[in-house]
Amino acid sequence: MAYNMDRKTFFKVFAVLLANTGITPAFAANLNVENNASLKISEGPYLLSMDGGKVCVVFMTNKRAVASVEVFSPDDKNFSQNKIFFDSSPTGRKHIGTLHAVWLENLAAGNTYSYKIEVKEVLEYWETYKGAKYGATKFGDILKCDTYPNGSNPLIFKTPSDKNPEMSFIVINDIHQTPKTVQQLLQPKNLSNADFILLNGDMVNTFQNEELIFKGFMRAVSDAAHGNIPIFYARGNHECRGKYSEAFLDYFPTKTGKPYYAFMRAGTFFLVLDMGEDKPDSSAECGGITDFDSYQKEESNWLEKIVASKEFKTAKRRIAISHIPPFELGESPYNRAIGNRFRKILDKANLNLMICAHWHERFVVKSGERFPKSKLDIKVKYPIIINGKKDALKVKIDDSSLSFAFINEKGGYTEWVDLNKLK
C-alpha cells in the first residue's frame, strides 16, 4: 500500500525516527525549523577559537538558510574593503541548515574588526523538488545583522596583539545546565577587561539535545559575550555523554578539528587538553560505545609533539587547561594509566600553571605539594588551580607576573594571589 505524505509531515516523521535511532549528525539539528515565523538568528552569534589570524563565528537560525559573514577593518589594509566569508561544507557547497559556523581568516594581530551576518532562507533547491530547472533555488527571507540580536551591541572584536604582554581571562566550569549560575558569574563587572572566556567542561549533565545545549548554558554564555568576547572550550567528561556528544565540534569548532588544541595569547602558550570520560571504556556507564583508550593515545602523541615544538619551548609562559586533573581518574588501574600517560609528558613540559575543574570545589596546589584527594603519593611539579562549581576564576597576566582571584555568585572577589607565591 502506498502512502502520500507532504514535505512538512515527512520531516516531522523523519525527525522522530532519527531521534529514536540515536543518530545525531549536524543535519538532525537542521530539522528544528519554525516554518511560520520570520527568519531570525535564534542563538548567538558567539566567537570561538580565536588564534593565529582565525576565528569562528557560530550562530543558529530558526529556518534552513545559507549564511555568510562580511568583515571590515579600518586598521587592516586587507580588510579596508569588506570581505565575505561563507558557511561552507567540506564538499565545496554552501551549507544549508540552521546551525552555522563561519571561519574568518587572514586577520592581522592587534586590529579591531566589525562584522555583519547575512542569512538567506532556502525554501527549495533544484535537487529537492519535482520539475525544477537545473540549478534553480527558491530563496525566502533575507536577514542582515550587525548588532547582537538581544541588544544594541555592535558586532565587533579585536584580535590579540603580539606586542601586548597584558591579558586577562575568566574561567567557569561544572555548571551542569544551570544558566542562572552562568549569568551570575559572567556579569559585566566580572568580564571587565577580559580578553576571553574559558569554559572548562561539564557545562551540561549530558549532551543530549540542541535545546539543552543552549537553554542549559550556552545562551547565557553567548549573551554575556554578546558577539564581542572570544570563547574557548575544554570538553569535560559530561560532554562525552548523550545523543549529541558526537556533534560537539559542530557547535564548538576548533582549529585542530579535535576537542584538544593549543593557542597563543600575550606570549603565553595554552594547551587545552581533553581527558574524555572519567570511567573506563569497559564500564557499564560507557555502554560499549566508547574507545577513549585509542583516542587518548592519539592525543598524547599530539601533546608530545606540541611540547617539543620551538613555539612551546620559547613561550614566555606555558599554561595547561584540563577539566579532569591528570592525577587520578577514577578508581580503576585503566584510568590511572591514562593520568600517568599525560602526566609523564606534562611533568617535563616546564609548565607555569595548570587549570582544572571536575571536583566541584576549589583547590590551589603549590608546586612540590602532594596532590589532594589522590590515593597516589604524587607531588606536583607545577602550580595547579582547581576552580569550583559556583566560582569563576579570573586570571591576570602582564609582562612580569600572573595573578588570580576567585569570584562567587554574588560577585564577591577573594584576594588576588601572585603565582610566584605558589612556587
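The values are calculated or read from the model by the stated rules, or taken from the named source; none is laboratory data. None of the values given here were measured: they were computed from a predicted structure. FYI the Cβ positions are ideal-geometry reconstructions off the backbone, even for glycines, and counts take in every protein chain you see.
General remarks:
Residue by residue, here is whether (1) in contact (Cβ under 8 Å) with a residue 12 or more places away in the chain; (2) in the same structural domain as Lys396 (by TED's automatic domain parsing); (3) surrounded by fewer than 19 Cβ atoms within 10 Å (Cβ to Cβ) holds:
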position	(1), (2), (3)
Tyr125	yes, no, yes
Ser168	yes, yes, yes
His176	yes, yes, yes
Thr181	yes, yes, no
Leu191	yes, yes, no
Phe207	yes, yes, no
Leu212	yes, yes, yes
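- Only listed residue being within 15 Å of the chain's Cα centre (by Cα), part of a loop (DSSP other than H, G, I, E, B) and without any contact (Cβ under 8 Å) to a residue 60 or more places away in the chain, chosen from Lys258, Lys279: Lys258
- Scanning region 263-275 for residues that are more than 15 Å from Pro230 (Cβ to Cβ) and assigned to a strand (DSSP E or B) turns up Phe269, Leu271.
- Within region 240-250, the residues that satisfy the criterion of being in contact with a Phe, Trp or Tyr (Cβ under 7 Å, 6 or more places away or on another chain) and either at pLDDT below 95 or part of a loop (DSSP other than H, G, I, E, B) (or both) are Arg241, Gly242, Tyr244, Ser245.
For (1) of a type in the set (A, V, I, L, M, F, W, C); (2) part of a strand (DSSP E or B); (3) touching a His at 6+ places or on another chain (Cβ under 9 Å); (4) loosely packed, with under 14 Cβ neighbours inside 10 Å, each residue gets a yes or a no:
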site	(1), (2), (3), (4)
Lys348	no, no, no, yes
Ser374	no, no, no, no
Asp377	no, no, no, yes
Lys389	no, no, yes, no
Val395	yes, yes, no, no
Ser403	no, yes, no, no
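- Listed by position, the strands (runs of 3 or more DSSP E) enclosed by region 139-229 that each have at least 1 residues that are under 25 Å from Asp51 (Cα atoms), among the polar types (S, T, N, Q) and at pLDDT 95 or above are 167-172.
- The lone exception for Gly267 - which of (1) surrounded by fewer than 22 Cβ atoms within 10 Å (Cβ to Cβ); (2) touching a residue at least 24 places away in the same chain (Cβ under 8 Å); (3) out of contact with any Pro (no Cβ under 8 Å at 6 or more places or on another chain); (4) not basic (Lys, Arg) it fails: (3)
- Checked against (1) surrounded by fewer than 18 Cβ atoms within 10 Å (Cβ to Cβ); (2) part of a strand (DSSP E or B), Asn106 meets all criteria but (2).
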